[in-house]
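Undergrad: Before I ask anything, let me first share the structure, which is written out below as structure tokens.
The values are calculated or read from the model by the stated rules, or taken from the named source; none is laboratory data. The structure presented is a predicted model; accordingly, all values stated were derived computationally and were not measured. Every residue, glycine among them, receives a Cβ derived from its backbone with ideal geometry; neighbour counts consider all protein chains shown.
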Amino acid sequence: MLKNGDSFDGCAGLENVQSFSEWIDFEGRLKEQYKDGYVPSEVFLAVRQKDHVVVGILRVLLTCDKDNEASRRIIISNQGVFENEVEDTVGLGQCGVIQSYWITL
């Protein structure tokens with residue numbers, strides 16, 4: 001990914017670790033990094049059954065800018081259930097408010 005100039009968005013901090021055991025300790029690593037701003041989450045690995053190769057990461061909490069109508073409609077049309085909206089204190093979005101939606105797998 002790095003050689004292609006791609007980012008690791010949605011990979012649960014994979015770009016910040018050197019080993020699987022370090023990466024899999026989400027709670028410990030992310031609590032240390034974000035302190036009181038840490039939000040618990042779960043990460044699911046998609047594993048191809050025929051050869052047990054990891055082919056992706058699944059996320060069940062989706063977020064979008066409050067004013068991003070297209071993203072909000074797509075999330076809701078895929079059974080996204082609104083949880084809350086919070087001020088975007090780290091500047092991830094553009095409008096200053098991030099909405100969170102859960103999708104049950």
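Undergrad: Can you tell me which residue among LYS35, LYS31 is within 17 Å of the chain's Cα centre (by Cα) and not assigned by TED's automatic domain parsing to the domain that holds LEU105?
TA: LYS31
Undergrad: Go through the range 62-82 and give me each residue that's within 20 Å of GLY96 (Cα to Cα), surrounded by 13 or more Cβ atoms within 10 Å (Cβ to Cβ) and either in contact with a His (Cβ under 6 Å, 6 or more places away or on another chain) or not polar (S, T, N, Q) (or both).
TA: The answer is LEU62, CYS64, ASP65, LYS66, ASP67, ARG72, ILE75.
Undergrad: Okay, moving on. Looking at the range 69-92 only, could you name the residues that are touching a Cys at 6+ places or on another chain (Cβ under 8 Å) and under 23 Å from LEU105 (Cβ atoms)?
TA: Once the filter is applied, which keeps residues that are touching a Cys at 6+ places or on another chain (Cβ under 8 Å) and under 23 Å from LEU105 (Cβ atoms), the range 69-92 yields SER71, ARG72, ILE75.
Residues are listed down the side, and each one gets a yes or a no for (1) part of a loop (DSSP other than H, G, I, E, B); (2) of a type outside the set (A, V, I, L, M); (3) out of contact with any Asp or Glu (no Cβ under 7 Å at 6 or more places or on another chain):
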| residue | (1), (2), (3) |
| --- | --- |
| LYS50 | yes, yes, yes |
| VAL86 | no, no, yes |
| GLY91 | yes, yes, yes |
| CYS95 | yes, yes, no |
| SER100 | no, yes, no |
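Undergrad: Given the conditions (1) in a loop (DSSP other than H, G, I, E, B); (2) at pLDDT 90 or above, which single one is not true for ILE75?
TA: Only one criterion is unmet by ILE75, namely (1).
Undergrad: Going residue by residue through the range 69-83, is there one that turns out to be under 19 Å from TRP23 (Cβ atoms) and polar (S, T, N, Q)?
TA: No; the residues of the range 69-83 include none that is under 19 Å from TRP23 (Cβ atoms) and polar (S, T, N, Q).
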